[in-house]
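So the structure is just underneath, and the comments pick up after that.
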Amino acid sequence: MDQGTLSSPLLSGIPGLVHGFVPDARTGPPGIRRPRQVHGDRVVTVGELAKGATPEADAVLTRPGEPPVGVVTADCVPLLLVDPRGEAAVAVHAGWRGLAAGIVERAEAALRTAGARGPLVAAIGPAASRCCYETTVEIAGRLGARPERVRPSRPGHVRVDLRGVAKDRLGALGIGEERIELAGGCTICDPRWPSWRRDGERAERLLAFVGWKRRGRIRAGEER
Ligand SMILES: [Zn+2]
């Protein structure tokens with residue numbers, strides 16, 4: 001695997017879980033299943049990806065015994081949302097369009113549908129941050145960004161902390177600060193990470209992946 005792969009200490013502590021943020025998707029581990037990303041709000045299961053034509057979606061859910069899943073980004077927010085009790089995990093591509101459309105909330109709902117009952121844990125990977133990410137006031141409004149996530153720039157524009165917006169969305173779902181980890185920094189000003197804003201067409205893609213080791217399921221006899 002790529003030497004620059006970043007992992008989250010918070011997720012690393014979950015038994016049976018594998019995950020990572022890889023700077024160049026081409027060097028990621030083999031066997032990661034990915035959807036056809038369209039900046040939407042649809043969540044699919046890895047089983048749906050296996051049924052032939054790759055569906056358009058921006059989040060994928062996997063359970064123990066199933067293949068690992070991933071999304072690719074270059075400035076958008078890569079988010080891994082996990083049930084630490086081992087029912088399921090979701091990889092989410094959350095750009096401003098996805099955040100505004102509610103993809104974080106849909107990913108959480110998909111985990112609940114998959115059987116997750118207790119508190120969830122999240123890792124937010126490198127993405128465009130407030131130091132560099134400029135957008136319009138209108139888009140910041142559509143994101144529902146809290147005032148502390150926004151800083152004025154030139155007329156009609158603001159700098160937005162996209163990762164902070166994602167974190168606030170998780171917080172609104174009841175996921176406490178101690179259960180959300182920010183891994184890495186800003187893709188635009190940290191040259192270790194691919195950035196669409198910085199590199200344009202030639203930008204590589206960051207791979208965020210998550211899954212379960214084959215024997216990750218809680219053994220019989222333990223309380224489920
Ligand atoms: Zn920056």
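The values are calculated or read from the model by the stated rules, or taken from the named source; none is laboratory data. If you're wondering where the values come from, they're calculated on a predicted model, not measured in any experiment. Every residue, glycine as well, gets a Cβ built from its backbone with ideal geometry; the counts of neighbours run over all protein chains shown. For accessibility, only protein heavy atoms count, side chains too; no ligands or nucleic acids. Shrake-Rupley method; radii C 1.70, N 1.55, O 1.52, S 1.80 Å.
Things worth noting here:
- Of all residues in segment 91-103 being under 17 Å from residue 171 (Cβ atoms) and in contact with a strand residue (DSSP E or B) (Cβ under 6 Å, 6 or more places away or on another chain), the one that is farthest from the ligand (Cβ to nearest atom): 103
- Tallying residues that are open to solvent by 20 Å² or more (accessible area, probe 1.4 Å) and under 13 Å from residue 173 (Cα atoms) within segment 73-90 yields 0.
- Scan of segment 140-169 for residues that are out of contact with any strand residue (DSSP E or B) (no Cβ under 7 Å at 6 or more places or on another chain) and over 18 Å from residue 79 (Cβ atoms), ordered by number: 141, 142, 147, 148, 154, 155
- One residue from 147, 126, 64 being of a type outside the set (Val, Ile, Thr) and open to solvent by 30 Å² or more (accessible area, probe 1.4 Å): 147
- Only one entry of 200, 118, 125 meets the criterion of being small (Gly, Ala, Ser) and at positive phi, and that entry is 200.
- Segment 41-71, residues that are within 19 Å of the chain's Cα centre (by Cα), of a type in the set (A, V, I, L, M, F, W, C) and part of a loop (DSSP other than H, G, I, E, B): 57
- Filter pass, residue 217 being surrounded by 13 or more Cβ atoms within 10 Å (Cβ to Cβ), of a type outside the set (Ser, Thr, Tyr) and modelled with pLDDT under 95: yes
- In segment 121-224, counting only helices (runs of 4 or more DSSP H) that sit wholly within it, the ones holding 3 or more residues that are over 24 Å from residue 81 (Cα atoms) and within 16 Å of the ligand (Cβ to nearest atom) span 196-199.
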